[in-house]
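Report on one structure; see the data block that follows.
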Amino acid sequence: MGFFSRFFTRLYDLSWRDNPVSPCKAAASLYAVAVMKVITAGPRRAIYLVVPALLCALALPAAAADVVVDHCGQLVEAGDTGWLLEDLDCSEVSTEGVVLSDRSRLRLDGFSIIGNSETLTPRQGVRCLYGSSCSVLGPGEISGFSAAGVAGTRVRVRDLRIVGNGRSGVAAYRRVVARSVEIEQNALTGSHAGLHAGRRVRVRDSVLGEHPAGATLTGN
């Protein structure tokens, strides 16, 4: 296999759908490694690797930040990663659990986000801003919210237990990608679904249990 075949194969692996590494950042990293290997062969060969690496590095956005999520309704800015350091109990307040911007992620790191399914105002455990793509990663649990456990436009969830939410476990206007999740006992009222996507649904290694007042899965 030639150099470029190996390069693009590795680039695809690094930028796979479940991996937060961007293709551009992956390309820059691989080019940097390649430069170190061929630099002794002379500047003529090295220049073909250095130039694309520099161009790609210049195209990268500002480095994303890690932020501690320590109160209900907190906004995680675009591209940042929010972390729980303890359970987030929102059962006594009328807010979302956490709000994610475009390309942002929330890592529960073994903790829970807890709401109140009886509140009159529809609230989500994790709400992704309209039109955005977001990821919610466990292990952890999201439970007890009056609307959905996780809701947005393009949503990815992994290693989570989402249970006891009033309308849906996970709901998205366009796409849901779910891996290693347990979604059950949601859709407590109305004709909702445990997992709903307006367009596409991909589910892998997951458990979709029963939901008292709605369907298990809706989408394409």
Around GLY97: net Lys/Arg minus Asp/Glu count, Cβ-Cβ under 13 Å: -4
Summed residue charge, Cβ within 12 Å of GLN124's Cβ, Lys/Arg positive, Asp/Glu negative: +2
Magnitude of the charge dipole, the range 91-150, Cβ model with Lys/Arg +1 and Asp/Glu -1, debye to 20: 240 debye
Charge tally in the Cβ shell below 9 Å around VAL136, where Lys, Arg are +1 and Asp, Glu are -1, VAL136 excluded: +4
Dimensionless Rg/Rh of the range 94-143 - Kirkwood Rh, Rg from C-alpha atoms: 0.98
Nitroxide proxy distance, nm - points 7 Å out along Cα→Cβ at SER180 and GLU118: 3.6 nm
For GLY140, residues with placed amide H under 5 Å, excluding near neighbours: GLY110, ARG161
Length added when fully stretched, ARG202-GLU86, from 0.36 nm per residue minus Cα-Cα: 38.8 nm
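Just so you know, all these numbers are worked out from the coordinates, no wet-lab data involved. Just so we're clear, the structure is a prediction, and the values are computed from it rather than from any experiment. Using ideal geometry, Cβ is built from the backbone for each residue, glycine included, and neighbour counts are taken over all protein chains shown.
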